[in-house]
Amino acid sequence: MRARGAFQFSRMLRIVSWNINGIRSPLQGLVCQEPSNSAAMAMGRILQELDADIVCLQETKVTRDVLTEPLAIVEGYNSYFSFSRSRGGYSGVATFCKDSATPVAAEEGLSGLFATQNGDVGCYGNMDEFTQEELRALDSEGRALLTQHKIRTWEGKEKTLTLINVYCPHADPGKPERLTFKLRFYRLLQIRAEALLVAGSHVIILGDLNTAHRPIDHCDAGNLDCFEEDPGRKWMDGLLGNPGCQAGSHVGPFIDSYRCFHPQQERAFTCWSVVSGARYLNYGTRLDYVLGDRTLVIDNFQTSFLLPEVMGSDHCPIGAILNVSCVPAKQCPPLCTRFLPEFAGTQLKILRFLVPLEQGPVLEQSVLQFSDQTQVQKRQNKVRVCTSRPRPSQAGPRRSQKNLTSYFQPSSSRPKTSDLKLPNLPLVGTLVTPKTPEEEAMTKVVEEQAKASDTKDEKEGQSSFWKSVLGGPSPMPLCRGHREPCVMRTVKKPGPNLGRHFYMCARPRGPPSDPSSRCSFFLWSRPS
């Protein structure tokens with residue numbers, strides 16, 4: 001029994017989730033480091049660095065019309081995308097599975113409205129509380145993607161595992177309707193996950209849930225009003241059981257896998273503010289989770305981890321390792337990107353593009369015939385253009401426009417100056433006293449000095465003029481906490497101060513008790 005378990009231990013399933021904040025953003029850095037690399041090689045390198053059997057990405061920010069083959073099709077993987085249908089460059093999730101972990105089914109969305117009835121996951125539960133319009137709106141932002149896999153436990157039992165890759169909405173304080181949207185999305189997610197559990201499948205919900213569950217998951221929970229009363233946290237309270245994996249006290253059917261293995265780990269954050277540089281001092285929140293059903297976490301989870309050292313986004317990757325092996329499907333589900341019409345044609349074998357030898361003369365003859373026709377057509381077009389131009393004799397008595405130089409020619413009625421012979425008469429003023437060489441040298445020096453003085457005065461005048469017009473930026477004020485130059489920011493929040501500039505401490509944001517973090521200095525910039 002142990003020997004078999006040890007054998008299966010080397011074939012464990014590694015799952016990674018990452019809010020990539022634009023699937024093309026991390027690729028830019030890789031391509032710049034290796035200019036010879038293509039986007040396909042860069043995407044393959046990211047997957048190789050994450051070293052997972054299944055990689056779930058959130059906030060891809062691509063729509064189907066801009067998705068390129070190098071991003072969608074990577075050698076050794078099969079990928080699945082869910083796109084935002086409401087906005088471009090917004091939301092979106094994607095799942096990359098190694099060929100050794102090919103799913104048996106894949107589906108876009110939670111409601112089933114985008115299901116094709118061929119290779120879908122199914123098991124939707126009772127959604128009568130939602131209208132069709134509401135379900136379509138919840139799934140139109142490309143926030144959920146399901147893949148279903150066959151797994152084998154170390155005892156040799158085959159089971160079904162469904163991964164729900166989600167990017168939950170963010171509740172903007174200035175838009176109360178988005179909070180309602182977020183809570184309705186949570187409710188739909190819970191209904192679908194519980195329906196899959198009832199159908200006998202193990203379920204993992206992973207991705208960016210956009211809620212810091214406990215005060216330990218937030219850098220500044222003490223300064224937030226009614227932290228525990230947040231509706232998103234209340235929803236997670238009902239979804240999750242006891243993070244200590246103890247029976248009896250849990251409420252929900254799912255467990256936060258990271259808190260199961262690291263219940264007291266502080267400052268375990270997955271998201272940081274880029275503007276404030278908070279990642280430098282690890283001043284962030286934990287918004288990304290791997291939630292597994294209770295039985296799966298207790299029996300099959302080996303560990304759950306964070307990867308804060310991986311850069312490229314305002315989030316860091318997270319993941320989990322399960323002591324199960326994946327049984328790959330023989331064929332990818334229809335949702336796989338390699339079956340999309342825009343990519344299916346590029347997957348043909350190279351032999352399909354080669355012409356058999358017996359067709360060579362026919363092809364060559366047709367090419368030569370087409371070339372001759374093209375040359376004849378070009379000559380005919382050239383003849384038409386030439387014959388359509390009016391000749392000078394056909395232009396009529398119409399006067400042509402004179403050249404500008406014709407106005408500077410001498411009149412034909414007057415005799416040319418070159419033909420007149422003037423007598424050599426002495427010029428007036430030529431009878432002057434010749435200067436000595438010393439006087440000529442002195443005069444030349446005086447003229448050069450006067451010319452240099454005029455040039456210098458002219459340059460100084462121009463310089464003073466441009467300095468008065470372009471005064472340049474004023475020096476930055478010093479913050480009171482560190483006596484260091486501040487940084488200028490602009491108010492982007494709608495309101496009376498929208499667009500105003502202000503100064504603040506340039507250091508990264510961190511705990512108030514840390515003297516190396518940003519101080520509280522603030523100063524409005526005076527309008528110029």
A chain fully extended from Val327 to Glu129 at 0.36 nm per residue, minus the present Cα-Cα distance, gains in nm 67.6 nm
Counting only residues 5 or more apart in sequence or on a different chain, those whose built amide H sits under 5 Å from that of Ser17 are Cys56, Ile318, Gly319
Net charge near Gly277 (other residues with Cβ under 9 Å of its Cβ; Lys, Arg +1; Asp, Glu -1) is +4
Using alpha-carbon positions, the gyration tensor of segment 460-528 gives root eigenvalues a ≥ b ≥ c; with a/c under 1.5 called rounded, otherwise prolate if a/b exceeds b/c, else oblate, the class is oblate
Per its Cα gyration tensor (rounded if a/c is under 1.5, else prolate when a/b beats b/c, else oblate), segment 37-82 is best filed as oblate
If each K or R counts +1 and each D or E counts -1, the residues other than Leu135 whose Cβ falls under 15 Å of its Cβ total -2
Under 5 Å from the placed amide H of Arg500, counting only residues 5+ away or on other chains, we find Val491
Relative contact order in percent for segment 45-197 (Cα pairs under 8 Å, 6+ apart) equals 23
Once Lys and Arg are counted +1 and Asp and Glu -1 for all other residues with Cβ under 15 Å from that of Trp466, the total becomes 0
Here the gain from full extension of Ser464 to Phe522, 0.36 nm per residue of separation minus their alpha-carbon distance, amounts to 17.5 nm
Extension length gain for Leu113 and Glu342 (0.36 nm per residue less Cα distance), in nm, is 80.1 nm
FRET efficiency (Ser273, Thr436; Cβ distance; R0 60 Å; to 0.05) is 0.15
Applied in sequence order to segment 76-86, the curve 6.51 cos²θ - 1.76 cosθ + 1.60 (Karplus, θ = phi - 60°) yields integer Hz couplings, x standing for Gly and Pro, of x, 10, 10, 10, 9, 10, 10, 9, 6, 9, 9
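Throughout, read-outs are computed from the coordinates displayed, never taken from laboratory work. Keep in mind the model is a prediction, meaning the values are calculated, not measured. All Cβ positions, glycine included, derive from the backbone under ideal geometry; neighbour counts span all protein chains shown.
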